Amino acid sequence: MSGFAEFHDDLRAVARDLLGDEPGGAPAWADLAAAGWCGVEVPEALDGAGATFAETAVVVEELGRAAAATPYLGAVVLGVGALALAAPGPERDDLLAATGAGEARPVLVVPGDAAPTVRPTSPGSEVRSAFVLDAAEATTLVVPVLGADDRPALALVSPDSSGVRVEPVPGLDATRSLADVAVDEVVLQRATVVPFAADPGGSLALLYDRAALAVALDGLGLAAAMLDATVAYAKVREQFGRPIGSFQAVKHQCADLAVQLAVGRALADAAVEALVAAGSGEDAGAVTDAGVAVAMAKAHVGDAAVDVVGTALQLHGGIGYTWESGVHVYLKRATLDRSLFGSPAAHRRRLAGRYGACPAA
């Protein structure tokens, strides 16, 4: 992605200007659409930017840096990501175009606490998913189902349909919206179903890896923001007549945090490149490689972000524990990011299973 470094820097600068400095802010959806963020991966033929996940990753990291409260992750990163893997067709194309224009929010219904599974439905049964990100803000629910050929596909469901339940779930992190979603079998039978353009199993795996990597990037952004804030605070906060940043213990802690972030950055960059290379999922080997890279990034960043923000809270001293400092916003978000779409331990088990050390989780 080195050829796009200058463009990514410009995108990052614009994002920081738009999101501002107040943690936990809620940018208007219309502003995100006007900035072009909703259509980053929408094809150019549908009035989108026609870019890749590499550009989406820049936006996601900046949203994490600002701890922004927005349904961008569920609707654009996952919703548009799912539709981009689907075969072109009128319903899919219209929904992508409307999303890019900021007129629709298609939310992918996958559980935040486990890898997505697709099972056959039976009369009277329901498809249920727990801790679905941004489902309460959805205009369309994108539900992985078994298509007519018994292969994974995507059903487009209105959240207002009878037989659909979206129940908000309170969470530790006030900047995130979570909900339990249930869709009964009758609704799915009547829904528009769009097939994946390439290997359905590989496409479903890529969606899970997109989700896991997105929350890792969010954690990377918020941890970087907290390290910057802590270093700045250590330069001006004085104790015993000198800035606390001059004390060796504080220097060492900040240096250790910087190393953790540098490792996380390298792993996240490699995972983004692997995910982009996997493309539509036609190359099974590329999909597997992307899964390994994502698992490594999520396992490291999930723990590192919580460690960075926790240490930042301590280095801020008493003020760090106050509501006004805003550190609590980042700590709660980092804690949720660590558990969403696979905990660090789950992804380590996944890596161990990949290399034969133990059964994969």
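In table form, for the structure just shown:
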{"item": "Single match in GLY3, GLY24, GLY39, GLY50 (criterion: modelled with pLDDT of 90 or more and surrounded by fewer than 18 Cβ atoms within 10 Å (Cβ to Cβ))", "result": "GLY50"}
{"item": "Qualifying positions in region 25-66 - in contact with an Asp or Glu (Cβ under 9 Å, 6 or more places away or on another chain) and part of a loop (DSSP other than H, G, I, E, B)", "result": "VAL40, GLU41, PRO43, GLY48, ALA49, GLY50, ALA51, THR52, ALA66"}
{"item": "Candidate set: region 316-331, residues that are in contact (Cβ under 8 Å) with a residue 40 or more places away in the chain and touching a Lys or Arg at 6+ places or on another chain (Cβ under 9 Å); chosen: the one farthest from ASP256 (Cα to Cα)", "result": "GLY317"}
{"item": "Pair list, Cβ < 9 Å and 6+ apart or interchain, from region 110-121 residues that are at pLDDT 70 or above to residues that are assigned to a loop (DSSP other than H, G, I, E, B) and of a type in the set (Val, Ile, Thr)", "result": "PRO111/THR117; PRO116/VAL109; PRO116/VAL110"}
{"item": "Residue count, region 312-327 (criterion: surrounded by fewer than 22 Cβ atoms within 10 Å (Cβ to Cβ) and within 17 Å of GLY221 (Cβ to Cβ))", "result": "1"}
{"item": "Answer from ALA84, ALA98 - the residue that is out of contact with any strand residue (DSSP E or B) (no Cβ under 9 Å at 6 or more places or on another chain), farther than 30 Å from HIS328 by Cα and outside any loop (DSSP other than H, G, I, E, B)", "result": "ALA84"}
{"item": "Single residue of region 245-270 satisfying the filter (without any contact (Cβ under 8 Å) to a residue 24 or more places away in the chain and closer than 18 Å to ALA293 by Cβ) that is surrounded by the fewest Cβ atoms within 10 Å (Cβ to Cβ)", "result": "ALA262"}
{"item": "Search result, residues across region 322-353 that are of a type outside the set (Asp, Glu) and modelled with pLDDT under 80", "result": "TRP323"}
{"item": "Among (1) open to solvent by 50 Å² or more (accessible area, probe 1.4 Å); (2) under 16 Å from the mean Cα position of the chain (by Cα), the one test that ALA148 misses", "result": "(2)"}
{"item": "Selection from region 67-81 of residues that are in a loop (DSSP other than H, G, I, E, B) and touching a strand residue (DSSP E or B) at 6+ places or on another chain (Cβ under 8 Å)", "result": "PRO71"}
{"item": "VAL308 touching a helix residue (DSSP H, G or I) at 6+ places or on another chain (Cβ under 8 Å), open to solvent by less than 30 Å² (accessible area, probe 1.4 Å), among the hydrophobic types (A, V, I, L, M, F, W, C) and closer than 23 Å to PRO116 by Cβ", "result": "no"}
{"item": "Selection from region 326-351 of residues that are assigned to a helix (DSSP H, G or I) and of a type in the set (A, V, I, L, M, F, W, C)", "result": "VAL327, VAL329, LEU331, ALA334, LEU336, ALA345, ALA346, LEU351"}
{"item": "Any hit, region 299-307, residues being closer than 18 Å to ALA223 by Cβ and acidic (Asp, Glu)", "result": "yes"}
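The values are calculated or read from the model by the stated rules, or taken from the named source; none is laboratory data. Please read these numbers as outputs of a predicted model, since none were measured by experiment. Note that each Cβ is placed from the backbone with ideal geometry, even for glycine, and that neighbours are counted across all protein chains shown. Accessible surface areas use protein heavy atoms only, side chains included; no ligands, DNA or RNA. Shrake-Rupley method; radii C 1.70, N 1.55, O 1.52, S 1.80 Å.
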